[in-house]
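The values are calculated or read from the model by the stated rules, or taken from the named source; none is laboratory data. These numbers come from a predicted model, not from an experiment. Cβ sites come from the backbone with ideal geometry, for glycine too, and all protein chains shown count toward neighbours.
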Amino acid sequence: MQPQMIDLEGPYRLLYCSSKGDKDGVMQEIQKGVSPNLADYDKRTALHLASCEGCTEIVDLLLEEGADVNSIDRWGRTPLSDARSLHHEGICKKLEARGGTDPVELDSQNPCYAIDRMEVDMDHSTLIGQGSYGEVYLVKWRGTAIAAKTIRSSIASNHRDLSAFMKELALWQRLRHPNIVQFLGVLKSSDRLIFLTEYLCNGSLYDILKKKGKLDPSTVIAFALDIARGMNYLHQHKPHAIIHRDLTPRNVLQDGAGHLKVTDFGLSKIAQEKDAYGYKMTGGTGSYRYMAPEVFRRESYGKSVDVFSFALLVHEMFQGGPSNRAEAPEEVADRRAYEDSRPPLSSFVYPIAMKTLLQECWHKNPDYRPSFEDIITQLELIQESLQKEKAMEIWRRCVIL
């Protein structure tokens, strides 16, 4: 991977000197206050370029100056990825000693588990829904009911989109948590791209609310804890957090034991670029009705976008559905983004602590939203308080009788 043409004026001189092995030039730029983590348009840092060109002294210097050993460029490559691909073994050892990782190699070593086409009878499958990328079918695999999700041809036929999608599946394959839907593998030798997950017999949170309407507070808290624990696992994933970006009632499923699991990471991305929020991403993806204001405005955003969506899910569980269901989703998102519109929180419906938590979760400033770890702690306290109130009520009834 060759370095691009760099303007020799200004701070980008650091990148040029690093690629050329100019130690004095690199030191001059750092002494001027230029960050060793400065990156070009392709997010390639000085350490990327020095590792690519085999400039050992520059690698040593940049690491001593605090360069991020695992900075990731727009292709998902770290400095170690570059050093390995060009066989700079000495630099590889230095980067590894500093904790350097190679996500490109990890992806190649962990391809999606392939399941033989003959093991899954798609001819006798049952259509059970629509996913983010195509239809979802109920099928049998080795005597077990599982879900088969087909991928639209517009994605499967595009090599770039397909490659990105398969990387998402390879990531999902490595996730293990009680509140995350388990990915099983992809069908090989198929005329369609089909991936398989565990089947959750009770449907989605959307189905539950449509059937039952609003839920009692104890059930809401239990469900909210299930979702928060799954999301906390994703956000604390190492080496990079996983942002779901499409947390909606349809993407939360219920198993036979009544617990909820988060699914469908087709729109999620590995958060790669650190900034004041911890991570930086841009773009307008996800579902409008559950979209954080900063995403709708196409601003930089991070993990807290999932916290915003989570608050709306909890609100719907108390209400039995969205309070603004008569409005077009895009209009709802627009008012939230530009008028700070939020759903109503009646004190007769929401416990005071829950009301406060939801207001924090959908705060207009992403910095003020709590992490899912904090949310779990608060929900557990609310759950404990409700249980005490319920026990006290039972005791009062017994005394009266």
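Looking only at segment 348-359, filter to residues that are farther than 21 Å from Arg325 by Cα and in contact with a helix residue (DSSP H, G or I) (Cβ under 7 Å, 6 or more places away or on another chain); which one of those is modelled with the lowest pLDDT?
Pro351
Six or more apart or on different chains, Cβ atoms under 8 Å: show the pairs whose first residue is in segment 50-71 and under 12 Å from Gly100 (Cα atoms) and whose second is buried (at least 17 other Cβ atoms within 10 Å of the Cβ) and among the polar types (S, T, N, Q).
Pairs found: Ala67/Thr45; Asp68/Thr45; Val69/Thr78; Asn70/Thr78; Asn70/Thr101; Ser71/Thr45; Ser71/Thr78.
Could you check segment 123-144 and list, in sequence order, the residues that are outside any strand (DSSP E or B) and closer than 20 Å to Arg245 by Cβ?
Gly131, Ser132, Tyr133, Gly134
Does segment 303-324 include one or more residues that are more than 17 Å from Glu360 (Cα to Cα) and modelled with pLDDT under 85?
Yes, there is a match, as at least one residue in segment 303-324 is more than 17 Å from Glu360 (Cα to Cα) and modelled with pLDDT under 85.
Taking the condition over 26 Å from Ser371 (Cβ atoms) and at pLDDT 95 or above, does Ile221 pass?
no
Just checking, which of Leu215, Leu200, Leu247, Leu234 is crowded, with 22+ Cβ neighbours inside 10 Å, assigned to a loop (DSSP other than H, G, I, E, B) and at pLDDT 90 or above?
Matching residue, one of Leu215, Leu200, Leu247, Leu234: Leu247.
So, of the residues in segment 41-60 that are among the acidic types (Asp, Glu) and under 18 Å from Asp24 (Cβ atoms), which turns out to be surrounded by the fewest Cβ atoms within 10 Å (Cβ to Cβ)?
Restricting to residues being among the acidic types (Asp, Glu) and under 18 Å from Asp24 (Cβ atoms), the top hit is Glu57.
So, in segment 180-196, of the ones that are out of contact with any Asp or Glu (no Cβ under 9 Å at 6 or more places or on another chain) and part of a strand (DSSP E or B), which residue ends up nearest to Asn232 (Cα to Cα)?
The selected residue is Ile180.
Here is a yes/no grid of residues against (1) free of Cβ contacts under 8 Å to residues at least 12 places away in the same chain; (2) among the polar types (S, T, N, Q):
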residue: Leu358; (1), (2): no, no
residue: Cys361; (1), (2): no, no
residue: Pro366; (1), (2): no, no
residue: Ser371; (1), (2): no, yes
residue: Leu381; (1), (2): no, no
residue: Glu384; (1), (2): yes, no
residue: Trp395; (1), (2): yes, no
residue: Cys398; (1), (2): yes, no
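Is at least one residue of segment 317-324 surrounded by 14 or more Cβ atoms within 10 Å (Cβ to Cβ) and more than 27 Å from Gly230 (Cβ to Cβ)?
Within segment 317-324, none of the residues are surrounded by 14 or more Cβ atoms within 10 Å (Cβ to Cβ) and more than 27 Å from Gly230 (Cβ to Cβ).
On the basis of being at positive phi, assigned to a loop (DSSP other than H, G, I, E, B), modelled with pLDDT under 90 and of a type in the set (D, E, K, R), does Asp264 make the cut?
yes
Select from segment 327-370 the residues that are assigned to a loop (DSSP other than H, G, I, E, B) and among the acidic types (Asp, Glu) and write down the one among them that is nearest to Phe310 (Cα to Cα).
Just the residues of segment 327-370 that are assigned to a loop (DSSP other than H, G, I, E, B), to begin with: 327-328, 339-351, 362-365, 369-370.
With among the acidic types (Asp, Glu) added as a condition, the list becomes 327, 339-340.
Details: Glu327: 20, Glu339: 20, Asp340: 17 Å.
If we take residues in segment 327-370 being assigned to a loop (DSSP other than H, G, I, E, B) and among the acidic types (Asp, Glu), then Asp340 is nearest to Phe310 (Cα to Cα).
If Gly143 satisfies every condition in (1) in contact with a helix residue (DSSP H, G or I) (Cβ under 8 Å, 6 or more places away or on another chain); (2) of a type outside the set (Val, Ile, Thr); (3) at pLDDT 80 or above but one, which is the exception?
(1)
Could you figure out which of (1) at pLDDT below 85; (2) touching a helix residue (DSSP H, G or I) at 6+ places or on another chain (Cβ under 7 Å); (3) under 22 Å from His244 (Cβ atoms) isn't true of Leu86?
The single condition Leu86 does not satisfy is (3).
For segment 351-401, which positions are surrounded by 11 or more Cβ atoms within 10 Å (Cβ to Cβ) and aromatic (Phe, Trp, Tyr)?
Passing the criteria: Trp362, Tyr368, Phe372.
Return the only residue of Ala83, Ala67, Ala50 being in contact with a Ser or Thr (Cβ under 9 Å, 6 or more places away or on another chain) and outside any helix (DSSP H, G or I).
Values: Ala83 fails: outside any helix (DSSP H, G or I); Ala50 fails: outside any helix (DSSP H, G or I).
It is Ala67.
Can you confirm whether segment 106-122 contains a residue that is closer than 30 Å to Tyr206 by Cβ, under 28 Å from the mean Cα position of the chain (by Cα) and of a type in the set (A, V, I, L, M)?
Checking segment 106-122: at least one residue is closer than 30 Å to Tyr206 by Cβ, under 28 Å from the mean Cα position of the chain (by Cα) and of a type in the set (A, V, I, L, M).
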